[in-house]
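The values are calculated or read from the model by the stated rules, or taken from the named source; none is laboratory data. The shown structure was predicted, so the numbers you read here are calculated from the model rather than taken from an experiment. Every residue, glycine among them, receives a Cβ derived from its backbone with ideal geometry; neighbour counts consider all protein chains shown.
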Amino acid sequence: MIEEILPWDVRSADAFDDLGQAPLFAEEAALLERAVDKRRAEFATVRGCARRALAELGLPPVAVLPGERGAPRWPDGVVGSMTHCEGYRAAAVAWAEKVTTIGIDAEPALPLPGKVLDMVSLPQERALLTRLTDAAPTVCWDRLLFCAKEAVYKAWFPLAKRWLGFEDAVIEIDPDGTFSARLLVSGPRVGDGEVDGFTGRWLARDGLLLAAVAGCGPAG
């Protein structure tokens, strides 16, 4: 499912249920000594997805360990992202020489609880959500906004190595299945330019919301 919103040079794998006793490397299993069964199953399944995606790049199975701020540590020369939510797990990877960065996120297609929207959105984004809801009330646009922001953060962090708050980027969602993020803070330098935003694609289907970013945009 995630492959539908990723470019052709990104390899991915997903699962709609946990993969039973998915094998773990010893160093991965060591992180789960006190984990409950549900957490262990999610952790193992999403890493099983990651190893399937890496295999499509021609790479052997490796441990995928959390690094700084929990971001996955990928083999040299590889960029990637993982996500899991109730009923879905996915991983996406690519060669860094072809794709600068990747961020994916999955969320249940349910409204955000309580006052979460006010905590994660800017006034102009809430105005956008009102217009989108008026036009297509069956889509959980507030949760999709959160999903897109999570994907943007996952794409941002490997490049910038610093926090990006919900208020630090403005998301514009298009009903055609695309979205963009304009940074309100200085971005990292990539190549000859400074990153000033990201573009991505989204999908709403089967009770799930998915968002994916692959690459970044330099300042003009």
Practice problem: Name every residue in the range 178-220 that is over 26 Å from Ile2 (Cβ atoms) and of a type in the set (Val, Ile, Thr), in order of residue number. | Solution: Val185
Practice problem: Kindly list, by first and then second residue, each pair from a residue in the range 187-213 that is within 17 Å of Tyr153 (Cα to Cα) to a residue that is in a loop (DSSP other than H, G, I, E, B) and among the aliphatic types (A, V, I, L, M), limited to pairs with Cβ atoms under 7 Å and residues at least 6 apart or on different chains. | Solution: Glu194/Ala219; Asp196/Ala219; Leu209/Ala109; Leu210/Met1; Ala212/Leu6
Exercise. State whether the residues of the range 114-132 include one that is over 19 Å from the mean Cα position of the chain (by Cα) and at pLDDT below 95.
Key: yes
Quiz item: Among the residues of the range 151-172, is any within 18 Å of Ile5 (Cβ to Cβ), over 12 Å from the mean Cα position of the chain (by Cα) and surrounded by fewer than 24 Cβ atoms within 10 Å (Cβ to Cβ)?
Solution: yes
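Of the residues Ala22, Ala55, Ala63, only one is farther than 21 Å from Gly200 by Cβ, modelled with pLDDT under 95 and either touching a Phe, Trp or Tyr at 6+ places or on another chain (Cβ under 8 Å) or not in a strand (DSSP E or B) (or both); which? Steps first, please.
On the way: Ala55 fails: modelled with pLDDT under 95; Ala63 fails: modelled with pLDDT under 95.
The conditions single out Ala22.
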Quiz item: Residues Arg40, Arg69: which one is surrounded by 15 or more Cβ atoms within 10 Å (Cβ to Cβ), at pLDDT below 95 and outside the structural domain of Phe179 (by TED's automatic domain parsing)?
Solution: Arg40
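Taking the range 132-162 only, how many residues are without any contact (Cβ under 8 Å) to a residue 40 or more places away in the chain and out of contact with any helix residue (DSSP H, G or I) (no Cβ under 7 Å at 6 or more places or on another chain)?
Qualifying residue count for the region: 6.
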Practice problem: Taking only the range 85-108 into account, find how many residues are in a strand (DSSP E or B) and either within 17 Å of Lys149 (Cβ to Cβ) or among the basic types (Lys, Arg) (or both). | Solution: 9
Quiz item: Any chance the range 174-182 includes a residue that's at pLDDT 95 or above and hydrophobic (A, V, I, L, M, F, W, C)?
Solution: yes
Quiz item: Take the residues of the range 25-43 that are of a type in the set (D, E, K, R), within 21 Å of Ala71 (Cα to Cα) and not in a loop (DSSP other than H, G, I, E, B): which is farthest from the chain's Cα centre (by Cα)?
Solution: Glu27
Quiz item: Counting only residues that are out of contact with any strand residue (DSSP E or B) (no Cβ under 8 Å at 6 or more places or on another chain) and loosely packed, with under 13 Cβ neighbours inside 10 Å, which one in the range 1-22 is farthest from Gly87 (Cα to Cα)?
Solution: Trp8
Practice problem: List every residue pair whose Cβ atoms sit under 6 Å apart, with the two residues 6 or more apart in sequence or on different chains, where the first one lies in the range 47-75 and is among the basic types (Lys, Arg) and the second, anywhere, is modelled with pLDDT under 95 and surrounded by 13 or more Cβ atoms within 10 Å (Cβ to Cβ). | Solution: none
